[in-house]
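Engineer: What follows is a structure written as structure tokens; I'll ask about it next.
The values are calculated or read from the model by the stated rules, or taken from the named source; none is laboratory data. The shown structure was predicted, so the numbers you read here are calculated from the model rather than taken from an experiment. In this analysis, Cβ positions are derived from the backbone assuming ideal geometry, glycine residues included, and neighbour counts consider all displayed protein chains.
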Amino acid sequence: MEGIPILEGKYPVTMDIWPIEIKEFNRIYPFYENLKAGRFTTTKCKKCGHVAYPPRVICPECYSDELEYIDLPLTGKVITFVEQARGVPLGFEAPLVHAWIDLGEKSPVKRLLTRIIKCPAGTLKEGDTVRFTVFPVPAHLLDVKREVKSIERVFFGFEQVNRPDVAPKP
Ligand SMILES: [Zn+2]
């Protein structure tokens with residue numbers, strides 16, 4: 001899968017909705033490499049200990065660039081959410097669901113905003129447990145010595161642990 005399917009290969013760069021994740025373009029590329037390994041990570045400052053989310057290249061507290069990647073929990077609980085049924089942006093499927101989730105008191109990042117994917121309309125509830133998941137997104141095309149190379153990419157979201165559409169019937 002390359003580019004945004006609905007555009008049939010046209011405007012692959014100007015209409016690209018996903019980050020360019022490779023080392024040559026992106027200074028938080030370890031975040032994406034960790035995603036490919038199934039890890040959900042962010043940056044912690046080695047100088048002052050501040051944990052930032054999303055990951056940074058410079059600590060927002062002390063401006064040090066000595067940061068390390070630390071793991072975040074892979075499950076959370078939905079605090080509140082919004083479900084968009086119509087008019088979702090190009091490249092996304094309806095319903096488009098965004099939630100504030102609670103990663104727990106022990107997590108270095110307590111709460112964050114995330115997409116909930118594979119979520120049938122009207123099924124998500126406050127308090128539901130959701131789990132981290134990584135999925136492939138359209139590859140990024142890159143010109144390398146007059147050759148167009150395809151760079152694989154992934155992105156992440158959370159999904160319901162007990163999805164109603166796959167739950168066993170009582
Ligand atoms: Zn710092």
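Engineer: Do the conditions hold for residue 97, that is, is it modelled with pLDDT of 90 or more and either in a strand (DSSP E or B) or of a type in the set (D, E, K, R) (or both)? Don't jump to the end; show me each part of the working.
Structural biologist: Numbers: modelled with pLDDT of 90 or more: yes; either in a strand (DSSP E or B) or of a type in the set (D, E, K, R) (or both): yes.
The answer is yes for residue 97.
Engineer: Hey, can you tell me all the residues within the stretch 58-94 that are at pLDDT below 95 and of a type in the set (A, V, I, L, M)?
Structural biologist: If we filter the stretch 58-94 for residues that are at pLDDT below 95, which is where we start, we get 85-94.
Selection gives 85, 88, 90, 94.
Engineer: Given the conditions (1) in a strand (DSSP E or B); (2) away from the ligand (no atom under 16 Å from the Cβ), and given that residue 104 satisfies all but one, which numbered condition is not satisfied?
Structural biologist: Going through (1) in a strand (DSSP E or B); (2) away from the ligand (no atom under 16 Å from the Cβ) one by one, residue 104 breaks only (1).
Engineer: For residue 87, state whether it is within 16 Å of the ligand (Cβ to nearest atom) and either crowded, with 16+ Cβ neighbours inside 10 Å or free of Cβ contacts under 8 Å to residues at least 12 places away in the same chain (or both). Show your work before the answer.
Structural biologist: Values: within 16 Å of the ligand (Cβ to nearest atom): no; either crowded, with 16+ Cβ neighbours inside 10 Å or free of Cβ contacts under 8 Å to residues at least 12 places away in the same chain (or both): yes.
Spelling it out, it is not the case that residue 87 is within 16 Å of the ligand (Cβ to nearest atom) and either crowded, with 16+ Cβ neighbours inside 10 Å or free of Cβ contacts under 8 Å to residues at least 12 places away in the same chain (or both).
Engineer: While we're looking at this one, here's another question. Of the residues in the stretch 116-137, how many are outside any loop (DSSP other than H, G, I, E, B), surrounded by fewer than 16 Cβ atoms within 10 Å (Cβ to Cβ) and in contact (Cβ under 8 Å) with a residue 40 or more places away in the chain?
Structural biologist: Result for the stretch 116-137: 3.
Engineer: Do you know which of the residues in the stretch 47-65 that are loosely packed, with under 12 Cβ neighbours inside 10 Å and within 19 Å of residue 29 (Cα to Cα) is nearest to the ligand (Cβ to nearest atom)?
Structural biologist: The extreme case among them is 60.
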